[in-house]
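The values are calculated or read from the model by the stated rules, or taken from the named source; none is laboratory data. Note that the structure is predicted; figures quoted are calculated from it, not measured. Heads up, the Cβs are rebuilt from the backbone with ideal geometry, glycines too, and the neighbour counts pull from every protein chain shown. Each accessible area value is taken on the protein alone, full model and side chains, heavy atoms only, with ligands, DNA and RNA left out. Shrake-Rupley method; radii C 1.70, N 1.55, O 1.52, S 1.80 Å.
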Amino acid sequence: MPHLRKDPEKRLWVIAAPQRNRRPRPKTLIANKLDPSAPCPLCPGNEDKTPPEITAFRDRGTEPNSPGWSVRVVPNAYPALKVEEETIAGPEGLYDIMGGVGAHEIVIETPEHDTTLGERSLEQVTEILEALRERTADLKQDRRFEQVILFKNRGAMAGASLYHPHFQLMALPVVPKDIDDELSAAKSYFDYRGRCVYCDVINQETKQGERIVFRDTGAVSFCPYASRFAFECRVMPREHSSRFEDAGPDLLRSVAGALRETLRKLDIALERPDLNLVIHTLPFNSDMENQYHWHIEIMPWTEQAGGLEKGTGMFINPVLPEEAARHLRSL
Ligand SMILES: [Zn+2]
Ligand SMILES: [Zn+2]
Ligand SMILES: [Zn+2]
């Protein structure tokens with residue numbers, strides 16, 4: 001049964017999910033690539049190959065779990081966490097353990113099997129963000145959840161087992177370490193300067209311009225000053241906004257535009273790279289509305305994490321973000 005264990009030395013929660021072992025291995029993996037022609041449970045016409053849908057944007061008059069959808073949300077068939085799991089918080093000696101309560105959903109971005117986010121229309125990308133936003137707002141109603149993490153694994157190297165474009169969503173009963181670390185940093189900065197660190201970064205980056213990939217009046221995308229990975233990008237709303245689930249239609253459309261442009265450029269520069277993408281937003285029970293600013297992190301897969309990265313959390317990046325950004329701007 002899934003549960004969460006806390007490493008007291010690292011202040012880090014781990015999801016222990018032995019049931020995920022039953023998940024089919026991607027046998028279709030050839031030379032570390034997913035086979036695009038393998039049978040696909042996410043394609044239209046195969047709606048019965050997934051658990052029944054939670055929600056979908058679909059054509060008027062079409063039935064749930066049948067074709068006619070543009071975005072479709074289903075439970076993960078091999079969830080790492082389960083909604084019906086009891087929250088059992090009880091220490092085991094000095095160790096903290098918690099029941100594996102949570103949600104694990106798949107957001108199928110499009111009926112089209114072989115397109116990338118960067119190739120789709122602004123309307124389509126906006127619709128995907130809207131579906132993610134709606135699911136987050138809905139899961140927030142469940143008081144057991146602290147955080148919803150929205151992410152995307154594209155390609156085998158990035159951890160995907162299905163080729164069809166999809167996001168994953170996980171509702172968690174704890175705040176993950178990366179967000180926790182960002183909250184601490186944002187708090188220290190705010191206590192010192194009295195401003196949101198993300199807003200200040202956006203101001204400096206838009207003024208300097210050398211690491212900007214794309215900007216318009218509503219959103220900005222740039223290669224972070226201390227990029228961990230070659231061609232790492234961040235997309236942020238320019239106006240201060242702490243919670244993804246509260247983003248209005250105009251803001252979502254701006255961010256969708258910046259996200260789409262950034263991914264389009266990355267697809268050209270790195271030839272449709274395998275990549276991870278994650279949306280970081282304020283935990284539901286945090287009151288740090290003034291300090292935290294939601295954002296999207298894009299991490300193209302370039303090389304496998306080695307001993308330094310895994311063993312210390314320190315990264316070596318062979319491509320200067322200024323050079324990556326200059327190249328991306330030119331595309
Ligand atoms: Zn498909
Ligand atoms: Zn801000
Ligand atoms: Zn972040």
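So the values come out like this:
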read-out: Amide proton proximity set for L34, modelled H, under 5 Å, gap of 5+; value: A156
read-out: Cysteines without a disulfide-compatible neighbour (Cβ-Cβ under 4.7 Å), the chain; value: C223, C233
read-out: Overall form of segment 132-171 per C-alpha gyration tensor (a/c, 1.5; a/b vs b/c); value: prolate
read-out: Which of I202, I268, I15 is most accessible, then next, and so on - probe 1.4 Å; value: I268, I15, I202
read-out: Accessible-area order (highest first, 1.4 angstrom probe) of the listed residues Y189, Y95, Y225, Y292; value: Y225, Y95, Y189, Y292
read-out: Computed accessible area, D178, all protein chains, 1.4 angstrom probe, square angstrom; value: 90 Å²
read-out: Computed accessible area, D191, all protein chains, 1.4 angstrom probe, square angstrom; value: 100 Å²
read-out: Solvent-accessible surface (1.4 angstrom probe) belonging to K10, in square angstrom, nearest 10; value: 120 Å²
read-out: Where S242, S121 fall by accessible area, highest first, once all protein chains stay in place (1.4 Å); value: S121, S242
read-out: For L12, residues with placed amide H under 5 Å, excluding near neighbours; value: D7
read-out: Segment 140-212, accessible surface, carbon-and-sulfur percent (1.4 angstrom probe); value: 49 percent
read-out: Partner lysines for K310 [C-alpha distance under 17 Å; skip if fewer than 8 residues away on the same chain]; value: K10, K177
read-out: Mean Cβ count within 10 Å, highest first, over the residues of peptides 133-139, 57-63, 106-112; value: 106-112, 133-139, 57-63
read-out: Size of electric dipole in the chain: Cβ of Lys, Arg +1 and of Asp, Glu -1, about Cα centre, debye, nearest 20; value: 520 debye
read-out: Per residue value of the accessible surface for the chain (all protein chains in place, 1.4 Å probe), Å²; value: 49 Å²
